[in-house]
Every structure is written in C-alpha cells, then in structure tokens.
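As structure tokens, the structure follows; a few thoughts come after it.
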Amino acid sequence: MSREAGTQPQPSALRSRVTDAVWFVAPLLALVAAWAVAVRTFHVPLRVFPSVGDVLLAGLQEFQRGSLFEHIRQSLTRVAVGTILAILTSVPIGIAVATNRLVAACLAPILRFFAVLAGIAWIPIATLWFGYGFGAITFVIFNAVFFVVAYNTMLGVASIPQVLRNAAASLGATRWQIFLEVLLPGALPNIVTGIRTGMGYAWRGLIAAEMIATNAGLGYMLFLARDFYRTEVILLGMILIGTIWLAMDRLILAPVERRTIERWGLARRAGA
C-alpha cells in the first residue's frame, strides 16, 4: 500500500512539468512564427534583418567551423569563474556587515554606493588594470555579482530573529557554530536569490565586456559580425545568449532557489 501511495503522484507531477514546459515554450515559438511571417510578408532584406532560415544556416556554418562551441565555452568559463569568486567573497562580507556594527558603519554605505556601479561601468577601468582578456572580463562579472549577493546576504542575516542567535549562544555555540548553523542557513534563501539575480547582471556585463576586451566569446562574435554586416550571425548570438541564460535559470537556478526556500521553512511545497 505504501509503495502504491508513493508512486501515484508521479504521473501527475510529470504531467504538471510537461504542461509548464509547454506553456513556457509556446510564447517563444509564437515569436519565432511571427518573425518568419513578418520577414517573408514585408520582404525584409538580409542586411536589415535575417529570416529564420538565414539564422539556422549561420548556426550550421559556425558549428561546422568549430568556432561556435569555442565562443560558448569561453563565455561560460568567464561567467563561472567570476561568479564563484564573487560568491566566496561576498557572503562572508555580507554576514560581517549584518552582524557587526563597526563593520556595518564602514562597509554598508560603500556597498550601497558601488552596487549602482557594478558590472558594465567597470569595463573601462578593468581594461586599464588587467588589459584585454580573461582578467578584465572576469573582474567585470565579479563586480556584477558581488554587490548583489553581498546586499542580499545582509538582508537575509538581518531577517533572522535575534532570539535565535541568543538561544544558540546560551546553549554554548561558538561564533563559528552560530555562523554555520544559524546565520548561514537562515540567510541562504536570500543568498540564492541574490546569486540568481546577480548572474543575470553577470551575463549583461559579460556580453558588453566581450565586445570590447577580448577576441573570443559570444559578445565578441556579435561585435565581429557587425563589422561584416552579418545580421544572421548577430541574431544567432543573441538567440544563443538568451537560450543559455533561460536554460541556466530554469533548470538550475530557479529549482535551487525554490528548494532552498522550501527547505528552510519560508514556503511550503505545493500540496504539502
């Protein structure tokens, strides 16, 4: 009986996921259909705007040359390195600001000030400091993620009731134990939300930086195609950027955020 009870919800859950996927993809397919009809109806020249077939052909050509996957690999590597470095530094700083008045007095105004400048605004000075290449782009991505995650970490720790911290201390928990077992878990939903938001900013900064500070990556592919009036390659790059981000957000970031929130009691699972 227990086995049957455990297996009954599976088909329903599968149907729900399929339905969600269909509703998610349907508007995108409708947009592609409208694009195809508009280009054919108004006889738009390739130099102004490509057709669906032109973009597919450009994608096949870039794939055969082997350059497409290299551009994607370069962009993903830069995003990963910049994001990881930002998370490793911003979370401890955010917790320190939220738990120490002296640190808060020194760093909170600075974090709020630079949060506005994060990302694209750092490109000119990043190229002066690191030159044109991996270092400059990683620095831009780092800034795009760092301030968002640090600020969300501050909010997450501040939302933890002081009584929980006092209770842990009264039970003999050390500062390190309070950090690992109270502050970090309590702030985790906000941290994950900050990471999800920050990575959106990171992709924007990445594409802008790659147009200026490198010779590889999806942003560089767009910029190079512009010089040769290859609108089909420009649109191919734009579609790839949007598709990769949607896949990362929907398949990785959104589920992690949802499960983190459910795990720490701020929301209930559907049907629970």
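The values are calculated or read from the model by the stated rules, or taken from the named source; none is laboratory data. Small disclaimer: the values here were computed from a predicted structure and weren't measured. Here the Cβ positions follow ideal geometry from the backbone for every residue, glycine too, while neighbour counts run over all protein chains shown.
At-a-glance table
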{"item": "Among (1) buried (at least 17 other Cβ atoms within 10 Å of the Cβ); (2) touching a residue at least 40 places away in the same chain (Cβ under 8 Å); (3) under 30 Å from PRO189 (Cβ atoms) - the single one LEU76 does not satisfy", "result": "(1)"}
{"item": "Helices (runs of 4 or more DSSP H) contained in the stretch 147-258 and holding at least 2 residues surrounded by 14 or more Cβ atoms within 10 Å (Cβ to Cβ) and of a type in the set (Ser, Thr, Tyr)", "result": "184-213"}
{"item": "Lone qualifier among THR41, THR99 - being more than 24 Å from MET248 (Cβ to Cβ), more than 26 Å from the chain's Cα centre (by Cα) and touching a residue at least 40 places away in the same chain (Cβ under 8 Å)", "result": "THR99"}
{"item": "Flag if VAL48 is surrounded by fewer than 14 Cβ atoms within 10 Å (Cβ to Cβ), within 26 Å of TYR220 (Cβ to Cβ) and among the aliphatic types (A, V, I, L, M)", "result": "yes"}
{"item": "Yes/no for PHE114 being under 23 Å from the mean Cα position of the chain (by Cα) and either at pLDDT below 90 or outside any helix (DSSP H, G or I) (or both)", "result": "yes"}
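Residue-by-condition table, conditions (1) at pLDDT below 90; (2) of a type in the set (S, T, N, Q):
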{"position": "LEU46", "(1), (2)": "yes, no"}
{"position": "SER51", "(1), (2)": "no, yes"}
{"position": "ASP54", "(1), (2)": "no, no"}
{"position": "VAL79", "(1), (2)": "no, no"}
{"position": "ALA86", "(1), (2)": "no, no"}
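Condition check ((1) exposed (fewer than 13 other Cβ atoms within 10 Å of the Cβ); (2) hydrophobic (A, V, I, L, M, F, W, C); (3) not assigned by TED's automatic domain parsing to the domain that holds PHE146) across all residues:
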{"site": "TRP35", "(1), (2), (3)": "no, yes, yes"}
{"site": "GLY59", "(1), (2), (3)": "no, no, no"}
{"site": "GLN64", "(1), (2), (3)": "yes, no, no"}
{"site": "THR83", "(1), (2), (3)": "no, no, no"}
{"site": "SER90", "(1), (2), (3)": "no, no, no"}
{"site": "ILE93", "(1), (2), (3)": "no, yes, no"}
{"site": "ALA104", "(1), (2), (3)": "no, yes, no"}
